[in-house]
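Encoded as structure tokens, the structure appears first; notes follow it.
The values are calculated or read from the model by the stated rules, or taken from the named source; none is laboratory data. In this text the structure is predicted, and so the values were computed from the model without any measurement. Here the Cβ positions follow ideal geometry from the backbone for every residue, glycine too, while neighbour counts run over all protein chains shown. The area values use the complete protein model at the heavy-atom level, side chains included, leaving out ligands, DNA and RNA. Shrake-Rupley method; radii C 1.70, N 1.55, O 1.52, S 1.80 Å.
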Number of protein chains: 2
Amino acid sequence: MTRKKVKLAYINNDSSRKATYKKRKKGLMKKVSELSTLCGVDACAIIYNPYDTQPEVYPSPAGVHRIVTKFKKMPEIEQSKKMVNQETFLKQKISKVSEQVKKLKKENRDKEMNRLLYGNLSEAAMEGRLEPSKSS
Amino acid sequence: MTRKKVKLAYINNDSSRKATYKKRKKGLMKKVSELSTLCGVDACAIIYNPYDTQPEVYPSPAGVHRIVTKFKKMPEIEQSKKMVNQETFLKQKISKVSEQVKKLKKENRDKEMNRLLYGNLSEAAMEGRLEPSKSS
DNA sequence: TTATCTATATATAATGC
DNA sequence: TGCATTATATATAGATA
């Protein structure tokens with residue numbers, strides 16, 4: 001049974017989008033609640049869906065108001081410093097991959113050095129790491 | 001290696017609380033981002049931690065402001081209707097368990113009826129469903 | 001439509017560097 | 001402190017009732 005492997009894009013099918021929304025909203029609210037409890041932080045979430053004029057909030061309208069008021073008092077420039085968004089995620093992922101690349105390159109250099117010193121070509125060749133560098 | 005089984009309560013140990021905060025905040029922001037994308041909803045999150053004066057927000061300060069403004073325009077009573085919080089979670093759990101209890105009771109009645117009609121005591125007894133009702 | 005059921009995907013606690 | 005690993009726990013897509 002193939003169950004998942006969802007691409008991160010707007011779900012066109014109405015019923016499945018709604019179903020996903022319901023499940024994920026519940027999960028999200030639980031996560032916010034857990035973070036608050038475990039780490040003693042003040043957190044809130046507001047979700048507007050197109051099916052409803054009212055937003056769904058955590059922890060409560062009053063709680064949201066209190067946090068929002070705190071937030072509004074802060075100058076926008078200060079707020080930006082701690083912004084967390086998709087761009088940040090992507091950047092994190094990129095730097096992680098870059099690190100891996102660096103590590104692999106070093107590994108290759110070591111292998112190559114080994115080959116030159118001891119003529120141990122077979123092992124490296126087996127691992128497919130010695131393809132001639134194509135003219136790119 | 002025993003790895004997890006965390007109770008949902010404030011983590012006293014400073015370093016592990018901070019580590020947990022970092023991980024879970026990241027996960028949470030990702031979840032908000034995914035919900036927005038998958039379901040095309042307008043969502044935001046604000047997290048204040050004690051280690052920092054600035055909150056961490058999704059999707060951006062401007063986005064939060066926009067959503068928050070929408071929220072503020074709404075009368076409080078309307079807001080309450082769609083409140084999702086821990087109380088709601090608990091209520092949901094309770095009603096789910098209540099349903100189970102109802103189902104099991106019905107099952108027991110059926111079993112008992114069967115016994116009376118056909119004298120098929122053994123099966124029901126094996127399943128441990130025929131304990132005498134205690135005076136409670 | 002809502003609820004339940006599982007196979008899988010994802011998140012994350014503990015650990016070592 | 002932060003990052004990487006990995007064993008587990010949790011979330012959830014898809015199917016079914």
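Worth a mention:
- Accessible area buried, both sides summed, chains B and A with 1.4 Å probe, Å²: 6000 Å²
- Among the trypsin sites (Lys or Arg not before Pro) in region B:1-72, those placed in a DSSP loop whose Cβ has at most 16 other Cβ atoms within 10 Å are B:Arg3, B:Lys4, B:Lys5, B:Lys7.
- A point 7 Å from Cα along Cα→Cβ stands in for A:Thr69, and the other copies hold the same point at 2.1 nm, listed in rising order.
- For the listed residue pairs A:Lys5/B:Lys23; A:Lys23/A:Lys73; A:Lys7/A:Lys70; A:Lys23/B:Lys26; A:Lys73/B:Lys5, the alpha carbons are over 30 angstrom apart in A:Lys23/A:Lys73; A:Lys7/A:Lys70; A:Lys73/B:Lys5.
- For the pair A:Thr69 and A:Lys26, label points projected 7 Å from Cα toward Cβ lie 3.4 nm apart.
- Solvent-accessible area per residue in region B:15-75 equals 41 Å², computed with a 1.4 angstrom probe and all protein chains kept.
- Note on region B:8-81: Cα convex hull, mean projected area over all directions, 6.7 nm².
- Under 13 Å, Cβ to Cβ, from A:Thr69 - net charge with Lys/Arg +1 and Asp/Glu -1: +4
- Solvent-accessible area, 1.4 Å probe, carbon plus sulfur percent, for region B:9-59: 50 percent
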